[in-house]
Structures are given as C-alpha cells and as structure tokens.
Amino acid sequence: MMRNPGWAAAALVATALAVTACGPGSYSSGSSGAGGAYGVPTGNSTTPGAAAAQTAALKIARTSVGTVLASSRGLTLYYYSEDKPGSGKSVCTGGCAGAWPPLAAPVRAPAGVRLPGPLGMITRPGGLKQVTINGYPIYTYAGDKAPGQASGNGIGGAWHVIKIA
C-alpha cells in the first residue's frame with residue numbers, strides 16, 4: 001500500500017528527466033560483447049553487422065593537459081574518483097549526469113592505443129549502458145564544446161581526464 005502517491009509521481013518525473021539528460025544523444029547504444037572492441041567480439045564473429053555499425057570508435061585527442069582519450073566526436077573523456085571501480089554503479093546521477101553525460105556503450109578502443117584498463121559496461125537506472133574503463137564509469141563534460149577541450153579536468157578535485165601515454 002502506497003502512503004503518498006504524489007511522491008511516487010514526482011520521483012517518476014525526476015527519473016524521466018535524469019534519463020533524458022543522460023540519454024545517449026549522438027552516442028550509439030546497443031548490445032554488449034567482449035574482446036578488443038567493446039560490444040563487438042574479436043576474430044570471426046557471427047554477430048549481425050548491425051551491432052558492429054552501432055559501435056562508436058573512441059579517439060585520442062591532444063589537449064592542454066596532454067594526450068587523452070576522447071569520444072567518437074572527439075570530446076575529452078573523464079572518470080569520477082567518487083565512483084567505486086568495479087561496483088557496477090555510478091554515483092553521478094540527476095543533475096550531475098546532466099553536467100557529466102555518461103559515455104554510452106558500445107565503443108571500441110582506438111587502433112593501436114593501449115587503454116589504462118579493460119573496457120566494460122554498467123547499466124544505469126533507466127537502462128542506459130555506460131562504458132567503464134578499469135571499472136570506472138566514463139563521462140564527457142557538458143562544458144567541453146569542441147574537440148581538444150579539457151575544461152572539466154580537476155573540477156572539485158574529483159574529475160579527471162583519461163590520459164594516454
């Protein structure tokens with residue numbers, strides 16, 4: 001028995017807004033897999049071509065803070081040190097996820113680039129599949145408007161670019 005149905009309606013509206021703000025936007029989402037291309041198995045595959053076509057290729061970008069991992073659109077990628085690696089959860093939700101949009105899966109690593117850890121995925125509330133690296137959920141920053149910007153680095157002492165050596 002529900003004591004306050006108005007509260008439940010408000011929670012549903014808030015959840016819908018958070019999901020909309022965290023939506024994949026121009027990122028692709030789809031089924032997951034294993035191997036060097038997250039969402040696309042390596043080697044001979046029987047995965048339909050449609051899944052491979054939806055996989056976004058990550059890039060590297062040169063920024064004022066060095067060479068970093070970037071989204072398929074060239075936007076700098078970040079991890080949040082308040083997230084617990086390997087927990088399967090992101091603590092950046094609601095308004096946080098509006099400022100720090102989750103990187104939607106599936107993605108594949110840039111050719112010839114060694115990532116700081118394995119690619120993975122978590123499922124956020126609302127069903128969005130978010131990319132992880134070394135167990136940390138990965139984000140872009142709404143303040144970065146163009147490739148090569150890294151204006152989110154160091155915010156609050158907790159947001160960090162993903163440097164590539």
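The values are calculated or read from the model by the stated rules, or taken from the named source; none is laboratory data. Because the structure is predicted, anything quoted here is derived from the model rather than measured. Every residue, glycine among them, receives a Cβ derived from its backbone with ideal geometry; neighbour counts consider all protein chains shown. Note: areas computed on protein heavy atoms with side chains; ligands, DNA, RNA excluded. Shrake-Rupley method; radii C 1.70, N 1.55, O 1.52, S 1.80 Å.
Structural remarks
- Hydrodynamic radius of the range 65-134 per Kirkwood, over alpha carbon pairs, in Å: 13.0
- Residues LEU103, LEU119 ordered from highest to lowest accessible area at a 1.4 Å probe: LEU119, LEU103.
- Summary of packing: across the peptides 83-92, 54-63, the per-residue average of other C-beta atoms within 10 Å ranks them, highest first, as 54-63, 83-92.
- Sorting 109-115, 143-149, 129-135 by their mean Cβ neighbour count within 10 Å, with the most densely packed peptide first, gives 129-135, 143-149, 109-115.
- Charge tally in the Cβ shell below 11 Å around SER72, where Lys, Arg are +1 and Asp, Glu are -1, SER72 excluded: +3
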